[in-house]
């Protein structure tokens with residue numbers, strides 16, 4: 001829980017002189033939505049994980065090395081803000097204004113950056129793996145040495161962007177044949193299979209995720225970021241997803257989506273993950 005309330009922060013802003021200083025403060029899960037009085041605020045090393053900053057004005061704020069994991073930053077004004085080495089894993093920055101912001105070395109894995117304004121932003125060395133940058137404005141942005149593996153760049157504007165040394169892989173193709181598999185391999189015990197699936201869903205990918213484990217093998221079909229079907233040697237549909245997520249170690253490989261299977265799953269990925277955890281807890285208690 002946050003150490004300070006919204007009201008206490010507002011009082012500090014009103015009573016102080018100049019921008020508020022909240023350096024290193026725990027503001028996790030705080031609601032600062034539409035706050036218009038945080039421009040230029042010092043939030044260096046501040047914990048803002050899972051906070052609500054939607055619509056807030058943080059123009060020119062210092063958020064270097066702060067924690068914004070899971071935060072809602074929808075429509076937030078961060079123009080010219082310092083977000084160097086900030087953690088924003090899984091954050092929702094849809095339609096945010098990051099024009100001219102500095103995100104050197106920032107971690108934005110799986111972040112939602114749909115239609116975000118990153119014109120002239122510094123993203124050198126940023127980790128944007130699996131991020132959804134659909135329709136984003138990246139004109140004249142510096143993406144040197146950035147990680148854009150599995151990022152969704154559909155409709156993004158990249159005019160004048162610097163991409164020297166950038167790791168850039170196109171999304172897995174949607175072809176109906178398996179003649180040219182693409183993607184990468186990984187070990188589940190290093191990455192975490194649930195995290196891998198969520199990254200692919202956040203990036204609205206079309207692919208087959210082939211999973212192998214000491215106890216069996218299975219396939220998860222992801223179309224437009226939604227899990228629509230899964231199968232193992234023993235199960236099909238939701239039960240197959242839960243079986244695959246119960247495996248503790250193994251390997252995975254991404255393959256082209258191929259021929260569309262029957263749709264056996266119509267629940268969002270969040271529901272599948274929660275149910276998987278519940279079933280695992282039941283197994284541990286039994």
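General remarks:
- Centre-to-centre, using Cα atoms only, the range 231-284 and the range 193-226 are separated by 8 Å.
- Cβ-based exposure ranking for 59, 115, in which fewest neighbours within 10 Å come first: 115, 59
- The range 185-285: radius of gyration over Cα atoms, expressed as a fraction of 2.2 N^0.38 Å: 0.97
- Note on the range 22-86: Kirkwood radius taken over Cα pairs, Stokes-Einstein applied at 4 °C and 1.567 mPa s, translational D equal to 118 µm² s⁻¹.
- For the range 113-155, the Rg and Dmax computed from alpha carbons only, in angstrom: 9.3, 23
- Order of 201, 21 - criterion: other Cβ atoms within 10 Å of each residue's Cβ, fewest first: 21, 201
- The range 1-169 - Rg and Dmax from Cα coordinates, angstrom: 15.1, 50
The numbers here are math on the coordinates, done by the rules we state, and not lab data. As the structure is a prediction and not an experimental result, all values here were calculated from the model. Neighbour counts are summed over all protein chains in view; Cβ atoms, including those assigned to glycine, are modelled from backbone coordinates with ideal geometry.
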